[in-house]
Structures are given as C-alpha cells and as structure tokens.
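K.L.:
This is the structure, below, for whatever I ask next.
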Amino acid sequence: MERTTLIKTAGMVLAVIIILIVGWKTFGNSAPEFDWDRILQESEAKSIPTLEKDYDTSEVQVRHLSWGKLNYYPETITIKAGKKVQLVGDVERLQGCFRSFTIPDLKVNGQFTEDNNIIEFTAPAPGTFGFSCSMGMGSGKLVVE
C-alpha cells in the first residue's frame, strides 16, 4: 500500500514538473520586457489632473481643487488675506470623503457636489492653515499671504 502511494505521489510531482516546463517554454519567453521607469512615469502623469487656471478678480479669488497622487491636488493653495475665496472642486475626481472639505482652524466646512461644487469663505489674516477631508485622509495647507 505504501508503494502505491509513493508511485502516485511521484507521478503527480512529475506531472506538475512537466506542466511547469511546458508552460515556461510556451509562455515564459514570450513575455514582453517591462520598462518600469516608463510605466511609473506614465502612471504618475495620469494621477496628476489638469486643472482649470486659478484667477483673481477685484471681488473674489478662484482656486481649483482636485484629486491626484492619492491626495488633494494641489496640496498647497495660496491666497491673499481679506478677500473672498471660491474653492472649485473637481467632482469627477473628488470622490468619497474627499468631497467633504474642512479647514478646522477657520471653521470652514463644505461639500463638493454635482449641483454645487463651490465652497466660499473669506480669507483671514496671514498664516498657514491645514485643510482635509472629513475623515482626515486627504490633507493639505492653505497659505494666506
């Protein structure tokens, strides 16, 4: 009985080895060479969104916010103190908790939605203030000059 088990085990091992060799000969040499540097560069380029241009009028400072590189993009927003700010969210890229935006120190809270993708507030005195999503997963800083 032990001899039969040994023969069955040896046969299965031999079958697996043959399958691996045939698979390697068939598919192993035909795999394309990967250019990892190129793949990483293309991936990074796709993860950085193309934003509309920020602009200032005499009444308001318009800044655009999106999602890229697994965080808010841009991670730093610069504005001038004492002027109204319109933060325009890219709702195609901002998903989940990233749509719920907060600047805790300034008591600014808002939601970016398809119906209303703008959060308005007035810039305070100069300083640097952290912003994040409602869960604290995405973050950045607001620089007020």
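Laboratory data are not the source of any read-out in this text; all were calculated from the coordinates shown. Just so you know, these numbers come straight off a predicted model, no measurement behind them. All Cβ positions, glycine included, derive from the backbone under ideal geometry; neighbour counts span all protein chains shown.
K.L.:
Of the lysine pairs in the chain, how many meet both conditions: Cα atoms under 29 Å apart, and a spacing of 8 or more in sequence or different chains?
P.N.:
Lysine pairs, 8 or more places apart or on different chains, close enough: 20.
K.L.:
Counting Lys and Arg as +1 and Asp and Glu as -1, what is the net charge of the other residues whose Cβ lies under 13 Å from the Cβ of residue 117?
P.N.:
Numbers: positive: 63, 93, 99; negative: 52, 90, 92, 114, 115, 120.
In short, -3.
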